[in-house]
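The values are calculated or read from the model by the stated rules, or taken from the named source; none is laboratory data. Since the model is a prediction, treat every value here as computed from it, not as a measurement. Glycine also receives a Cβ, built like all others from the backbone with ideal geometry; neighbour counts cover every protein chain displayed.
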Amino acid sequence: MKRANRKAATAADTATKSTTLLSQTRKVSSNRIHNFLRWYAFIIFIVLLVGWQIFLDNNDAQEIHTESKQNHLIRQRRRDKQSLQNQDNQSLQSQDKQPLDNVVEYLTKLAIMPSNKLQRALNSEEDDVFQLSQLEKGNCPSNMQNWLPPRVSDEAARLFRERNKPQHHNNNPNKNKPLPLLWYEHLSKAGGTSFCKLAGTNMFRSEVPSYYCMPSKKDDPDARVGLWSNDELAKYVQDGTKRIVSNEWNPFDPIRFDFQSENSKNPNIKVMFVTTIREPINRLLSAYKFWGVLHNQMNPHPTITQWLNRQHNRARHASVPDWEITNHVSRYNFAAWKFSNGKMPLPKPEVIDESVVPPSVINYESESSWREPFSDAIRNLSRFDLVIPLELLWKPEHSILLKDVLGWDKLDEVHVVPTGKVEKTDAKAKVSPEQYEVLWNANRLDMILHAWSKALFLSKIHCGNNG
């Protein structure tokens, strides 16, 4: 009996040990399985991650392979610019570019030429001092140092282009970067309304002020951003979503360039500067049609000679800056006036005769009143990121520059006028040869700025890093 009990106890003990051993074996096996599954899942994750990266790389390679020649050129030019901007200022100055003082001197020497000689100098089929004949054919001239200013930093433009790029990492590299703003200096009757339409096509609606790109305030659709302080402009950008502003009625104040300075008082804002410029006499006649005819309640409407004489009288008595919108649009050398912060003089003729085009009374060779404002206009325009000649804006071969600088790719031609029909102005067909000659000589500074701006615009396209 006792033996039987011992056997039973031994069997029970053996069973318990077997059960315990089996349980432990199952635990070990389970742990091994779990560990195996964890490693297997990790390996699968790594494989998927590597595969996804390979897919992205292949996709990028495919995009590069299929992108157009034009877009590839844009990327190459940006890489070249970034490389050059990493060099110090001394390296930049070592290129074949004259200091800005020499550019001012060169353009000033053109201004004192006799009218007929200056016309030949600017004509691309005659003396062609800006080598436009070569540039218009897509060639880069070998000698541009007399008129090519130093390169403008691409920092503000790059921030503007990249402002809405999606970020794929939690550490957003744009998080602490300055906010970008496009300041558009609207030269009246030089394509500004069309440029604003273009901005609306290429930017988010929330980024573009609804009233012709002009900032608004309560009960004031045009709040005259040209009269704002830099602090007021910075607050407007930081407190809202607008990324473009347009200044039409007031001259350009170079105090705005503080936003590009390394020691800016408003380091959280970076401003890029863009304008459009137009053949001066065509612009002047377009202003006459718009303000002298379409928006003139006089009956009958004044003739071009009456309107110019009366408008010039208003301009001489107007303050600079002011709140009026039409006091200065008829000025001779209007672009030089605009970009010199309103300093360009408009002397009064000894005799005012409303039956004739008012002549220029400035003796460019002997007088000095025009020199400093003209110099200021050259220096200020040289610091703009983009000066667009209106005549070149809609040509497909020139759209590369708007893509490169602004990042815009919807560049279908748009012509917008607030009133009336879109018409092409041809000054030579609208006025007599005698009137045209007087207007050309009276606007000689703007003629120089316009031809120079065309050369600069085309050199940026055709001369790569030398432009």
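Among the residues of region 272-288, those that are under 12 Å from residue 335 (Cα atoms) and in a helix (DSSP H, G or I) comprise 280, 281, 283, 284. In this structure, residue 314 does satisfy being closer than 17 Å to residue 357 by Cα and either assigned to a helix (DSSP H, G or I) or more than 23 Å from the chain's Cα centre (by Cα) (or both).
Taking residue 309 as the residue in question, decide whether it is under 30 Å from residue 110 (Cβ atoms), in contact with a Pro (Cβ under 8 Å, 6 or more places away or on another chain) and either among the polar types (S, T, N, Q) or part of a loop (DSSP other than H, G, I, E, B) (or both).
Working: under 30 Å from residue 110 (Cβ atoms): yes; in contact with a Pro (Cβ under 8 Å, 6 or more places away or on another chain): yes; either among the polar types (S, T, N, Q) or part of a loop (DSSP other than H, G, I, E, B) (or both): yes.
Against the criterion (under 30 Å from residue 110 (Cβ atoms), in contact with a Pro (Cβ under 8 Å, 6 or more places away or on another chain) and either among the polar types (S, T, N, Q) or part of a loop (DSSP other than H, G, I, E, B) (or both)), residue 309 qualifies.
Tell me, which helices (runs of 4 or more DSSP H) wholly within region 102-207 include 3 or more residues that are of a type in the set (A, V, I, L, M)? Quick ask: steps written out before the conclusion?
Working: elements: 115-122, 132-136, 155-161, 192-202.
It comes to 115-122, 155-161.
Could we say that residue 420 is on the phi > 0 side of the Ramachandran plot and modelled with pLDDT under 90 here? Spelling it out, residue 420 is indeed on the phi > 0 side of the Ramachandran plot and modelled with pLDDT under 90.
When residue 258 is tested against the conditions (1) assigned to a helix (DSSP H, G or I); (2) under 30 Å from residue 429 (Cα atoms); (3) modelled with pLDDT of 95 or more, the lone failure is (2).
Taking every residue in region 247-271 that is within 30 Å of residue 330 (Cα to Cα) and pairing it with any residue that is part of a helix (DSSP H, G or I) and of a type in the set (Lys, Arg), at least 6 positions away or on another chain, the pairs with Cβ-Cβ distances below 7 Å are 251/338; 252/338; 271/256. Residue count for region 365-397 under the criterion of being at pLDDT 95 or above and either aromatic (Phe, Trp, Tyr) or under 19 Å from residue 259 (Cα atoms) (or both): the result is 13.
Take residue 324 and decide whether it is over 19 Å from residue 194 (Cα atoms), at pLDDT below 95 and assigned to a loop (DSSP other than H, G, I, E, B).
Details: over 19 Å from residue 194 (Cα atoms): yes; at pLDDT below 95: yes; assigned to a loop (DSSP other than H, G, I, E, B): yes.
It is true that residue 324 is over 19 Å from residue 194 (Cα atoms), at pLDDT below 95 and assigned to a loop (DSSP other than H, G, I, E, B).
Counting only residues that are surrounded by fewer than 17 Cβ atoms within 10 Å (Cβ to Cβ) and touching a residue at least 40 places away in the same chain (Cβ under 8 Å), region 108-145 holds 7 of them.
The one condition from (1) closer than 25 Å to residue 161 by Cα; (2) touching a residue at least 40 places away in the same chain (Cβ under 8 Å); (3) basic (Lys, Arg) that residue 278 does not meet is (1).
Within region 322-342, being more than 18 Å from residue 191 (Cα to Cα) and surrounded by fewer than 18 Cβ atoms within 10 Å (Cβ to Cβ) holds for 322, 323, 324.
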